[in-house]
Amino acid sequence: MTSFRFTLQAQLALFIGAFLAIVLGLALLSTQSLRVVEGKTEALASKWIDGTRILGELTDRISEFRIAETYRALAEAEEERIAAEQRAAEHRVVIEELRHDYELLFDAEQRPDLAKFRDALAAYFAAHDDWMAREPDVAAIRAGHGVNALHGLYRTTDEAADAAIDRLEWSARAEAETAARVTEGALKTSLLASALAVAFAIWLLFRVREQITRPLAAITAALAQLAAGNRYVEVPEIGRDDEIGAMAKSLDVFRANAQALERAHEATRAAQEHAQILARQDSLTGLPNRRMLVADLHAAIERVEDGAAACALLFVDLDRFKPINDLEGHRFGDAVLCEVARRLRHVSRKSDIVARLGGDEFAILIEMTPATHMDQATSVAGRALAAIAEPIEIGDRRVELSASVGVSLCPEDGLDVSSLLRAADIAMYHAKRDGRGLFRFFEQSMDEELRRRAELESALKKAVAAGDIHPFYQPLVDLRDNRVYGFEVLSRWTDEKLGAIPPDVFIPLAEQIGVIADLTWSVVRRACRETLQWGAQVRLSVNVSPMQLKDPLLASRLLATLEEEKFPPSRLDVEITESALIDDVDTARATLAALQAEGMRISLDDFGAGYSSLYHLRAFHFDKVKIDRSFVLAMQHDEESGRIVDAILSLLKHLGVTTVAEGIETAQVLRRLAENGCEIGQGFYFGKATPIAEASKLLRRRRADRRVA
């Protein structure tokens, strides 16, 4: 069953209709009563009341006329006097018209007081005209001359008018008493009907207030709170089933939409703020990022150009941070970076800007006076290195770090951002190259060296790709029977533009730029092909870099190369340096064991220099050990070096390891090495590294000499 919806509009229509009916009934009743009274009062209204009205207006106009005279008397300026005279003239015209209208209502026989008023008014106007005709004298007026006479005539005229009014009022009262008795009955009836109408109106107002005004006020207050930002205000009258209820429901929908919009706006604003923070700040350390550093550097350069200051830019790069990440995990590495950032902020001045450029790179921007900027930069760089060198403890783990710092100065090293960034980066690279844990100021020679390095890198990549790095062969001689044991394969490179590049220059560079593997395979492949016809008795010795030894696929790749060139693995010796065994001992042991299993021999190169350890001799089953050439060369003039070599030979002999001495240049050194049990010799005494053609000639000559012997 559906309920009848008595809408607000219907209620208002009903209330208004009822009220109009009451008002209409009251109006009809009043009209009927007034018709009865009308006949009684018509005469009173047409004559006595009109007369009283006219006399009252006359009295008022005469008073206004008198006031205008007073203004004229008191006026000090000509304009004020003229304005007062104009007002007096206007009032006089109206007084004459009103007097004429009053005389038309009554003749002299009916109103004897009319003649007295007319005579008094005429005398007053005559005196006024005479006073107006004279030139005004303010001093005389203020002394009372002329004004007192006018005032007396004004009083006489006013009293005559009052007497006429009193006479007229008495006559009208008598007539009104008659009409009052007639209207009294009608008035009582009208009062009763009016009381009913008022009561209904009060009830109607109460209903309107309860049903309309108060709910609308509550809704308006809720809307005001909503507009003020209170999105959780409770909307009143939402349960009503009329227009106000519909309005409340609509407002509630608007409130809900406003809540959703506010939440969306807050989410958008938070996202924008976060994006702005990310655009300016490093998310891990909270330091300014590269973008903010560049902006601050721009501003600092402008101040330098204005002559107000000088500035220095420090690049701080952590040394060997990658192993920490690899061994301890990225979470631990991130904690280390945050601690480094904290320390850099601590050792810097409040005015300095510490930023993180990314990875393990930081920067410090320093502003100071031109006279002290180098000293200040030196001080901050030293404090930064010392702070980073302090052990870092995170949880139960402890690490020790160092850093390399490069410093560029403004304006000395440039007046633009890119130049200063580049100069600091170059200086940092040189600090790292010179031993780590150091700081270096940028010098122009560094830039020139970097350009040469870049040129060399480009040429090296092209040479490796084109196969322009050739194998050279240096003989290895068996000191026991003077036969050629084999040849060490050494890489040689001569560039058309740069000339001959020493291997101690391009080999480390190849490792740094990631082409050492391609270089090694190219040289090994060519060496196997060129020396295949030498026979099984002649061995080849090739060097494998530490980077290649980390490759778990090294053994399979080397075997594949030998198989392609049909070179027997049993003819190949693989030389490694002891430093290659430090980073990943397990991978190195597995790789070397796989190579030995295929018949290759493993040689430990440069023994006695660098990371020499008896542990490695025991842990790795080396077939040969090559004594570092620096000891062999020093034997010619340093007996202590000779005794060291003798001790090494004795140790290796007892371990049953074949020994190779590198750097033999004299017969005296050769004889001592042979007498102390050295088995294989290498050096300029036997021959330098030469191309395949000359190496083949040397091999044939040595073989011929042995046959003759």
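Observations, loosely collected:
- Options V505, H621, P475, ranked by Cα towards positive dipole end of segment 454-708, top entry (Cβ charges): P475
- Site pair V23 and D481 shows an inter-label distance of 14.2 nm when each label is modelled 7 Å from Cα along Cα→Cβ.
- With a Förster radius of 35 Å applied to the C-beta separation of L105 and I16, the computed FRET efficiency comes to 0.15.
- Over the chain: helical MRE at 222 nm, DSSP H runs n ≥ 4 each giving -39500 (n - 2.57), nearest 500: -21000 deg cm²/dmol
- Using θ = phi - 60° and Karplus 6.51 cos²θ - 1.76 cosθ + 1.60, couplings along segment 532-538 (whole Hz; Gly, Pro as x): 4, 7, 6, x, 6, 6, 9
- Rounded to the nearest 0.05, the FRET efficiency derived from the C-beta distance between T378 and H330 at R0 = 60 Å is 0.95.
- Gain in span if fully extended, Q636 to K350, counting 0.36 nm per residue against the direct Cα distance: 96.9 nm
- Across segment 265-419, Cα-Cα pairs farther apart than 27 Å form 29% of the total.
- Dipole-positive endmost among S630, L55, H330 within the chain (Cβ charges, Cα centre): S630
- Under the simplified labelling scheme, the E455-A224 pair shows an inter-label distance of 8.3 nm, with each label point 7 Å from Cα along Cα→Cβ.
- For C528, C311, the sequence from fewest to most other C-beta atoms within 10 Å is C528, C311.
- Residues of segment 361-377 with amide N under 19 Å of a point placed 7 Å along Cα→Cβ from E302: 365-368
- The charge dipole of the chain, taken about the Cα centre with unit charges on the Cβ atoms of Lys, Arg (+1) and Asp, Glu (-1), comes to about 4300 debye, rounded to the nearest 20.
- The angle separating the long axis of helix 516-531 from the principal Cα axis of greatest extent in the chain is about 20 degrees.
- For the pair segment 464-541 / segment 242-270, the C-alpha centres are spaced 81 Å from each other.
- Reduced Cα scattering model of the chain, Debye log10 I(q)/I(0), q = 0.06 Å⁻¹: -0.68
- Inter-label distance for I202 and R643, nm, one decimal - labels placed 7 Å from Cα along Cα-to-Cβ: 13.3
- Crossing angle, helix 78-105 versus the chain [Cα axis fit, 0-90 degrees, rounded to tens]: 50
- Once the C-beta distance of D623 and Q444 is scaled by a Förster radius of 45 Å, the resulting FRET efficiency is 0.35 to the nearest 0.05.
Every read-out reported here was derived from the displayed coordinates using simple, explicitly stated rules and does not represent laboratory data. On a predicted model such as this, the values are computed, not experimentally measured, just so you know. All Cβ positions, even for glycine, are placed from backbone atoms using ideal geometry, and neighbour counts span all protein chains on display.
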